[in-house]
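All of the numbers you see were taken from the coordinates with simple rules; none came from a lab. Bear in mind that the values here come from a model prediction, so they are computed numbers and not experimental data. Here the Cβ positions follow ideal geometry from the backbone for every residue, glycine too, while neighbour counts run over all protein chains shown.
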Amino acid sequence: MASVINPRIPEFRSWPAARVDRGDVMTLVRFLEAHPRTLVLSGAGCSTDSGIPAYRDAHGRWTRRQPIQYQAFMSSESTRRRYWARSYLGWPRMQAARPNPAHRALAELQSAGLLGGLVTQNVDGLHQRAGSSDVVELHGTLSRVLCQHCGLKLGRDALQSELNACNPGWQARVEGINPDGDAELDEAAHRGFNFIDCPECSGILKPDVVFFGENVPAQRVERVRALLGDCDALLIVGSSLAVWSGFRFAREAALAGLPVVAVNQGRTRADDLLRFKVEASCHQVLATVGERLAAPKVFGKDR
């Protein structure tokens, strides 16, 4: 899998060096009180405390292999075999992941009417499991598989059962798990793995996520822009914004005169656009924000 439009992403060293004002939890609390229609854009850092790793470190550098390319997946049977072997072993980890305090706090803030919307670059479904509604999954979801020919939709759990049946006794040593839900395996391990094509038309099955080299659907982009047009601020949570599909919304917000702030450990591509950044763990910051803002409204407590 992957998550964006152009695989030739500028490396962190080419991002503009910018001095960013530092904020703390109370700075963010006051900001959200002043901007009750803040749109949230979340990234991989929101899910790391759920056991799902990020691709990049605090400096924006790759810590794992770069994800698969769309054209390679579509044109090469061996590439698809490698992908599905890795996904087969990685899917149970994704299923076992549970929302962390960051996901739950955002759900509480949304339920209390304190957000203008929630957009995520993640494909793990943890925002929905935490109780968030109307989440825009910018890069799709791992929970569905689509036939690229006839459009048939399959649940990922159903496909896992089919792969189980096709691969009795197949085993491989897992060397790591990637944020897109696939496992790092020895290169020779996938050769004995059997994957399946569409049961209706024998077309190529692909997870319903945006691979590198593939465009985010235009309708999804326009939906995010509509949310951005109705909000009064943008909050980046746990994302370096290294990929254009997310960064463009920070840029568009800034160009529209909306304040942009972030909770992220390390550099972001939008540092020169930020009003301030809280450089700390997403789950620690948002849990406190939720206690300060959402809990009194959700649970009827005095502030």
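Enter the angle in degrees (range 0 to 90, nearest 10) between the Cα long axis of helix 156-166 and the first principal axis of the Cα atoms of the chain, meaning the one along which they spread out most.
20
About its Cα centre, how strong a charge dipole does the chain have in debye, to the nearest 20, once Lys and Arg get +1 and Asp and Glu get -1 at the Cβ?
Numbers: 37 positive and 32 negative charges, 74 e Å.
So the magnitude is around 360 debye.
Once you keep just the Cα pairs under 8 angstrom separated by 6 or more residues, what percentage relative contact order results for the chain?
Numbers: 608 pairs, mean separation 97.5, N = 303.
Taking the mean separation of contacting Cα pairs over the length of the chain, I get 32 percent.
Work out the length of the dipole vector of the stretch 81-126 about its Cα centre, built from +1 on the beta-carbon of each Lys and Arg and -1 on the beta-carbon of each Asp and Glu, and round it to the nearest 20 debye.
Numbers: 6 positive and 2 negative charges, 82 e Å.
Charge dipole, the stretch 81-126, about its Cα centre: 400 debye, nearest 20.
Taking neighbour counts of Cβ atoms within 10 Å as a proxy for exposure, in what order, fewest first, do Phe276, Phe73 appear? Spell out each step's value before the answer.
Working: Phe276 17, Phe73 24.
Going from sparsest to densest Cβ surroundings: Phe276, Phe73.
Would you mind putting 253-266, 186-199, 110-123 in packing order, based on average other-beta-carbon counts within 10 Å, highest first? Intermediate results must be reported in sequence, preceding the final value.
Details: 253-266: 18.9, 186-199: 14.4, 110-123: 21.6.
Ranking, from highest mean packing down: 110-123, 253-266, 186-199.
Say the dipole of the stretch 185-282 comes from +1 at the beta carbon of Lys and Arg and -1 at that of Asp and Glu; which of Gly257, Gly246, Gly203 then lies farthest toward its positive end?
It is Gly257.
Specify the angular offset, from 0 to 90 degrees and rounded to the nearest 10, of the alpha carbon long axis of helix 101-111 from the longest principal axis of the alpha carbons in the chain.
60
In the stretch 213-285, which trypsin sites (Lys or Arg not before Pro) are in a loop and have at most 10 other Cβ atoms within 10 Å, using DSSP for the loop call? Let's see the in-between values first.
Details: sites: Arg220, Arg223, Arg225, Arg248, Arg251, Arg267, Arg269, Arg275, Lys277; in loops: Arg267, Arg269, Arg275.
Answer by residue number: there is no such site.
For the stretch 29-45, just list the computed ³J(HN,Hα) in residue order, Karplus coefficients 6.51, -1.76 and 1.60, θ = phi - 60°, integers in Hz, with x standing in for Gly and Pro.
4, 5, 5, 5, 5, 7, 10, x, 10, 6, 8, 9, 10, 9, x, 4, x
May I ask what percent, to the nearest 5, of DSSP beta bridges between residues of the chain are antiparallel? Don't skip to the end; give the middle numbers.
On the way: 11 of 31 bridges.
Percent antiparallel among DSSP bridges in the chain is about 35.
Could you work out [θ]222 nm for the chain from helices alone, using -39500 (n - 2.57) per DSSP H run of at least four and dividing by all its residues? Round to the nearest 500 deg cm²/dmol.
On the way: 10 runs with 101 residues, N = 303.
Result for the chain, helices only: -10000 deg cm²/dmol.
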